[in-house]
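Notes follow once the structure below has been shown.
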């Protein structure tokens, strides 16, 4: 099957969505599909993507406005059996949806949490205006909407969107298991963004380190420079000197970070899935997440970590509890690895998506 994925950019500073898209396209290519990505050059670092990447120059970093994309996307889609759009708010998604309609190509939209009810209050007039002008028609004309969890689907429906849809998680690789050594490391991986509640994590770690003074906190990720400076100031004011801001890590560095940590914390207000938690579980590490993380129910059901309220006291207590009980950490880590193997391995994800794509292709053939 020939699949074209469209995304606004492949800037890894954006965190989980870009990692998920690259992982998915590699897995589809490994399964024998013809896969390419059409995107803009915003944030592109020239790294090996594992599939064909067709880059178009963007005039800006916000909306990724690109006349070159408008001119070239029809050619990129010409031989596609299925077009898979990732996102909603960006110019390349509008241009690709229009091109797919004109060419009679069925398209799927993965929303990556963009319609979650909790995110709607942010700049609501802009989002509602965009939905009225372009977004509603993109969603209406999509053959399928793809959600990564049932909670993401429910949140989108709460916003008034109820088109044909399916639920399929993104997956992750299953690395060789390694033992951590040295002082216990509490790890965060993701964008440095207010939604991640890193100020809460810093406060919780400062409290937890009073009970476990050997612990270190490593914050791995990129974000707005001013926001990152503010977080460093918060860490310094908290008196927690054992906090490291590691910046953005490449794939090898990220693998080492998971292998060297005792546990991962993802204290987000909301995550459609929570890819960092998935990757940590794949590495055999327990995770602590807040209730807004899409994986929270699976983590609790599998006893793969702790699900806590979004307050520093609850978060600190969970950190201390796991750091002081290494046998419990190992048991939860094994449970998390088993969960990923059974539900989130890429080969399983590709099979689910294949069935959905094939239903679109069959419907297209049946349409007179």
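What follows draws every value from the coordinates through simple rules; no lab data is involved. Here the structure is a predicted model, which is why all the values come from computation and not from measurement. Quick reminder, even Gly has a Cβ in these numbers, built from the backbone with ideal geometry, and neighbours come from all protein chains shown.
For residue 313 and residue 47, calculate 0.36 nm times their separation in residues minus their Cα-Cα distance, and state this gained length in nm to one decimal.
So the chain would gain 91.7 nm between residue 313 and residue 47.
Helix-only mean residue ellipticity at 222 nm, the chain, DSSP H runs n ≥ 4 weighted -39,500 (n - 2.57), per residue, nearest 500. What is it?
Only helices count here, giving -13500 deg cm²/dmol.
Contour minus end-to-end for residue 214 and residue 321, with contour as 0.36 nm per residue of separation and end-to-end as the Cα-Cα distance?
Value of the extension gain: 37.1 nm.
Rounded, prolate or oblate, given the Cα gyration tensor of segment 1-118, with a/c below 1.5 counting as rounded?
Cα axes put segment 1-118 in the rounded bin.
Between helix 251-260 and the chain, what is the angle of the helix's C-alpha long axis to the longest principal axis, kept within 0 to 90° and rounded to the nearest 10?
Helix 251-260 and the main axis of the chain meet at about 30 degrees.
Quick check: the angle from helix 346-366's long axis to the longest principal axis of the chain, C-alpha only, nearest 10 degrees?
In the chain, helix 346-366 runs at an angle near 20 degrees to the longest axis.
Of 261, 159, 168, which has the largest mean-square fluctuation in a 10 Å C-alpha GNM of the chain?
With Cα springs under 10 Å in the chain, the top fluctuation among 261, 159, 168 is at 159.
Using a Gaussian network for the chain with springs between C-alpha atoms less than 10 Å apart, which of these wobbles most: 183, 226, 90?
Most flexible of the set in this elastic network: 226.
Between residue 13 and residue 154, with labels modelled 7 Å along Cα→Cβ, what's the label distance in nm to one decimal, could you check?
In this crude spin-label approximation the distance works out to 3.6 nm.
Hey, what did the chain get for relative contact order, percent, Cα under 8 Å, at least 6 apart?
Relative CO of the chain lands at 15 percent.
Using a Gaussian network for the chain with springs between C-alpha atoms less than 10 Å apart, which of these wobbles most: 99, 312, 301?
301
Could you put 225, 256 in order, starting from the residue whose Cβ has the fewest other Cβ atoms within 10 Å?
Fewest to most other Cβ atoms nearby, the residues stand as 225, 256.
Starting from the Cα of residue 30, step 7 Å along the direction of its Cβ; do the same at residue 347; then give the gap between the two resulting points in nm.
0.9
Quick one: order 270, 150, 54 by neighbouring beta-carbon count within 10 Å, fewest to most.
Least to most surrounded, the residues fall as 150, 54, 270.
So how far apart, in nm, are the two label points at residue 233 and residue 331 if each is 7 Å from Cα heading toward Cβ?
4.5
Quick one: if the Förster radius is 30 Å, what FRET efficiency do residue 173 and residue 74 give, using the C-beta to C-beta distance and rounding to 0.05?
0.30
Stretch residue 355-residue 137 to full length: gain in nm at 0.36 nm per residue minus the Cα-Cα span?
Going from the current span to full extension adds 76.0 nm.
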